[in-house]
1. Roughly what would the spin-label model give for T18 and A126, points 7 Å off Cα along C-beta, in nm?
2. Multiply the residue gap between L273 and S9 by 0.36 nm, knock off their C-alpha separation, and tell me the result in nm, one decimal place.
3. Can you put F53, F103 in order of Cβ neighbours within 10 angstrom, beginning with the fewest?
4. Between E296 and N334, what's the calculated FRET efficiency when r is the beta-carbon distance and R0 is 22 Å? Round to 0.05.
5. Using a Förster distance of 35 Å, how high is the FRET efficiency between L344 and V142, based on the Cβ-Cβ distance and rounded to 0.05?
6. Given a Förster radius of 41 Å and the C-beta distance between T355 and A174 as r, what FRET efficiency does 1/(1 + (r/R0)^6) yield to the nearest 0.05?
Amino acid sequence: MKRRGLGFSLVELMVAITLGTLLTGAVIAVFVGSRSAYQSTSGVGALSNSGRFALNLIGETARSAGNFACDSGIPPTGSANTSVTLLAGNALGDTFTTAVTGFEANGTGNPLGVITLPAAPVVGAAGNWNPNIAPAVFTGAVPAGPVPVQGTDVLVLRSSVAGVTPVYVTTDVAIGATTIAVTSPAANALTAGQYAAISDCTKSVSFQIAGVAAGSPAAVDVAGGSLPLEFSTGALVAPLNTTVYYIGIGSDGDGALWRLEQVNGSAFTAEELVPDVEDMQVLYGIDTTGQGSATEYVTADLIGINSVLSLQVAVLAASSTGATPVPAAAITYNLLGNKITAPLDTRLRKMFYATISLRSAVD
């Protein structure tokens, strides 16, 4: 009697292959779905963090803008350093007579702009902003920063250096003085090359420090000129700082929020703060009626001689690639009236907006 051969029949083998294929397909579908959900969720999280961090950082600096030594909201009414040359011919560093200034990107503002973001950010050049700003301001920082991206605004904020306690004048200061006697400053609070302000909360003067002689009292020497106003004992002296926020190209090749900070004389330091921020638009609240509150929001080129009381800031943040399928049509975002059209890609995007009041303007 013949024995039947061991193994699977052809029908059994085909059924097994079919079931295995279906099971493998189901596992792959679950994996792909989970991966897509993870990328979308992480993209939304990164997007929210980028926008929130960007506005928080700008807001923290902007709220303190205009605090010149005694937080009076009165910018320096004079300067002892009229011969000091502005860095690369731009009003970024030692122009402390205004707390807030900016540079409006061409194609935005008034009339409201229509901008299409390229797939890769494109850096600007001289003539791309109003007032004009030279790229050398940014590349000359130490370490060098990137030039701002086309179609994005540049925001400049000035105030006393945060976290530094002012010193007090110990002897009346006469007009024409080149040395100021003050209480002993904390270590590195006042150093040669820094800009500083002397203020009695009714008037103030900005100057550059030539040197500081330790002692009790200490002596602060004025560089490049003399004080054009007099101050009584008890006036405050504090170091000043200029901070510039703008959108440049980040380390990953995409747009990012950058900060230039002037900590000593004409030297600026550049720092990448928040990655994947593609655009920033700024409006400046000014008082046109003398009521002490912002009655109109204008672009940087229209501020004129008005003092800025508040800011409206909008940023466009993006996720990493792969967070969403490519949309059927390009999506347009409204940043303070400007229509910003995003490229067709797999990034999620969201506009973040804040109105920021200057503390010195509401004291």
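Quick note: the coordinates plus some simple rules give every number you see, no bench work behind them. These numbers come from a predicted model, not from an experiment. Methodologically, a virtual Cβ is constructed for each residue, glycine included, from the backbone with ideal geometry; neighbour enumeration extends over all protein chains shown.
1. 7.7
2. Details: separation 264, 0.36 × 264 = 95.04 nm, distance 6.63 nm.
Gain in length upon complete extension: 88.4 nm.
3. Taking fewest neighbouring Cβ atoms as first place, the list is F53, F103.
4. On the way: r = 20 Å, r/R0 = 0.89.
It comes out at approximately 0.65.
5. Working: r = 39 Å, r/R0 = 1.10.
According to the calculation, E is roughly 0.35.
6. Working: r = 44 Å, r/R0 = 1.06.
Efficiency computed from Cβ-Cβ geometry: 0.40.
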